[in-house]
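Working notes, structure below.
The values are calculated or read from the model by the stated rules, or taken from the named source; none is laboratory data. These numbers were taken from a predicted model, which means no experiment stands behind them. Note that we place each Cβ from the backbone using ideal geometry, even for glycine, and neighbour counts take in every protein chain shown.
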Amino acid sequence: MPQIIEWVNPSGEDVVWRYPIEDLSWGAQLIVHEMEVAVFFRDGKVYEVFGPGRHTITTQNLPLLTGVLSRIAGFERTPFKCMVIYVSTKRFAGKFGGRTQTVEIAPLMFHGSFWFQIRDPSLFVMEVVGRQSLFTTTDVNEFIRGYINEAILKQLSTYSIFNVFTNLPTVSSEVKVRIAEEFARFGMELTDLRFEGVDTAPEWRDRIFYIRGTGVAPSEVLRMETVKETAKELGKSPGAAVGAGVVLVPPLLYPAPQAPQPTVPCPKCGAAMPQGAKFCSNCGSPMAGQQTPPPGAQTKNCPNCNQTVPAESKFCLHCGFKFP
């Protein structure tokens with residue numbers, strides 16, 4: 001009676017299953033059902049992957065493993081040791097949730113759902129099942145859930161609390177793309193990821209509602225709150241309140257003035273244009289024309305670049321050549 005290797009009655013939630021016997025016989029019958037693959041794993045390496053069907057285990061359909069076993073005398077007549085790991089290729093769902101901080105150090109609680117599939121069973125068995133020693137569905141699910149939680153924590157910490165609450169669909173899509181790239185390293189495909197709830201501390205929730213209702217910029221809200229906190233701290237010290245308040249509070253209330261932007265006159269109409277402008281916004285003339293002498297003026301050519309310049313020029317306007 002040949003040995004029968006089969007994953008019998010897997011549940012809809014089972015991701016992996018290891019055949020309990022590692023002593024396999026040549027001529028054994030390997031049965032692989034639809035939406036399954038059987039991976040032959042030994043010494044930390046994947047040797048063969050079998051798709052759906054009924055397979056007779058011979059040296060012909062295990063060429064890589066046979067090459068390793070051929071070093072053992074009489075390997076064709078004796079059972080050989082190898083692990084058979086079944087992997088389901090169905091689409092699975094899971095839950096995630098945790099707590100992190102945003103760029104403002106605001107607390108952020110989140111939870112949601114994700115869906116994934118095993119796209120590369122060989123890579124999955126190598127990187128997850130074998131390397132992590134996760135041979136049960138429970139262990140694999142815990143690993144995947146923990147990995148997603150950790151990845152989301154890292155990604156959300158790069159966002160502002162206001163972006164998360166006011167633009168959650170976009171944030172969700174961006175986080176999904178970044179995690180999907182990491183999932184591919186394990187032979188898995190993250191088919192979907194959705195945030196089903198986010199929350200923060202009451203004081204941050206009030207700020208978000210205020211911003212939504214008034215349209216005030218988040219940076220302005222934080223600046224005004226800084227002013228209030230500063231005034232409160234100054235009020236605790238009667239001797240320092242007036243002197244320190246006069247110096248400290250105004251810079252917070254009024255942004256520092258910015259230096260004026262350098263301008264150059266238009267060569268045609270004289271209007272002041274920002275430095276670097278190519279055309280005058282007043283008359284449409286090319287600003288490069290400021291280097292062209294006006295009509296009728298005496299000119300000479302630069303011996304270095306052959307450009308035309310006013311006759312009285314000591315240096316070339318185009319290349320900087322010093323005239324004799």
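Some observations on this one:
- Here Phe50, Phe96, Phe40, Phe80 are screened, and the one residue that is assigned by TED's automatic domain parsing to the domain that holds Thr136 and on the phi < 0 side of the Ramachandran plot is Phe96.
- For the range 58-80, the count of residues that are surrounded by fewer than 19 Cβ atoms within 10 Å (Cβ to Cβ), closer than 30 Å to Ser172 by Cβ and not hydroxyl-bearing (Ser, Thr, Tyr) is zero.
- Looking only at the range 143-153, residues that are touching a Leu at 6+ places or on another chain (Cβ under 8 Å) and either surrounded by fewer than 15 Cβ atoms within 10 Å (Cβ to Cβ) or closer than 19 Å to Arg194 by Cβ (or both) come to 1 in all.
- Of the set (1) surrounded by 14 or more Cβ atoms within 10 Å (Cβ to Cβ); (2) within 34 Å of the chain's Cα centre (by Cα); (3) farther than 19 Å from Val140 by Cα, all apply to Trp26 but (2).
- Evaluating Gly130 against the criteria (1) closer than 22 Å to Thr191 by Cβ; (2) in a helix (DSSP H, G or I); (3) over 21 Å from the mean Cα position of the chain (by Cα) leaves one unmet condition, (1).
- Within the range 133-164, the set of residues being part of a loop (DSSP other than H, G, I, E, B) and either of a type in the set (Asp, Glu) or closer than 14 Å to Phe110 by Cα (or both) comprises Ser157, Tyr159.
- Flag for Phe195 being over 20 Å from Met35 (Cα atoms) and buried (at least 18 other Cβ atoms within 10 Å of the Cβ): yes
- Residue check, Ile105 in a loop (DSSP other than H, G, I, E, B), at pLDDT below 90 and touching a strand residue (DSSP E or B) at 6+ places or on another chain (Cβ under 9 Å): no
- Conditions (1) modelled with pLDDT of 90 or more; (2) surrounded by fewer than 18 Cβ atoms within 10 Å (Cβ to Cβ): number failed by Arg205: (1)
- No other residue among Tyr147, Tyr159 is within 30 Å of Val16 (Cβ to Cβ) and under 23 Å from the mean Cα position of the chain (by Cα) apart from Tyr147.
- Some residue of the range 64-86 being assigned to a strand (DSSP E or B), modelled with pLDDT under 95 and in contact with a His (Cβ under 6 Å, 6 or more places away or on another chain): no
- Single residue of the range 20-63 satisfying the filter (acidic (Asp, Glu) and modelled with pLDDT of 95 or more) that is nearest to Gln132 (Cα to Cα): Glu36
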